[in-house]
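The block underneath contains the structure these notes are about, expressed in structure tokens.
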Amino acid sequence: MKRAAALVCLERDQEAIESFDRSIAIHPLDAAAWINRGVLLHEMGRDEEAAASLAKGEEIDLSHPALGNAMKRLNKPVISSVSAPKTDQNIRNSRKEHLLWCDSLKQARRFDEALRAAEEGRKRWPGDLNFQNIMGAVLVELGRPAEALPLLEQNLSLDPESGYTWHFHGRALMDSHRYIEALESFETALTYKPENANTWFYRSITLQNLGQIQEAETSMKEAARLDPVNIGLTALRYLAVLSDLLERR
């Protein structure tokens, strides 16, 4: 998102759209990305695509402040409910809002809260695989791959075309030092989401552990090409976790 915003300021509109698309592929419930993408598409004269993007942002989070700003900018009437913040009870009663809440907690790295929220969501809406996906992803982030794997594998048996699930499945395997299997999962994830810079990054780490240095460098370069700003943050977080693990040994 930050890179897309910078590209907008530089008036590199098409690159900004591509950056928004990559961000949305990784975080499909990011209402701000959908809304800002819609505004830019409108300014580029691509009104039909803009309307679809704004509608998606509205569907995800009707009360998002960016939506009201976008409507004013586009000279469209602002839906009255936009200005009314949702209460905790509203969130708990809406599957989509609850899912967005879980994803937002995860993105904010409030992992314990995200795990509790996702567990509650899974109990209330057992048919929605996204809650269990978030549980698996958060458990990976918490360094609990043994607990994450069965959740992710169950979801893959039901939805084998989820790049998101394959990505975190690969990370759980990587953290379990099952590098060959992890590489297979990352490769599968990239067949569904080739624009996910984080998958290329962790694929590179896995290849390094397998001694495939040249391929690892190529994978890391692709990660940096796709998202040079955020991949740097990912690398710093990974190194911090690795340092912590080494200190514990």
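Placing pseudo-labels 7 Å out from each Cα toward the beta carbon at Ala52 and Arg116 gives an inter-label distance of 4.0 nm.
Computed packing ranks the peptides 201-214, 119-132 as 201-214, 119-132, most packed first, by mean other Cβ atoms within 10 Å. Among His42, His98, His169, a tally of other beta-carbon atoms within 10 Å of each Cβ gives an order, fewest to most, of His42, His98, His169. Listing Glu217, Glu49 from fewest to most neighbouring C-beta atoms within 10 Å gives Glu217, Glu49.
Each value in this text was obtained by applying a stated rule to the coordinates, not by laboratory testing. What you see is a predicted model; the values in this text were computed from it and never measured. So basically every Cβ, Gly included, is an ideal-geometry build from the backbone, and we count neighbours across all protein chains shown.
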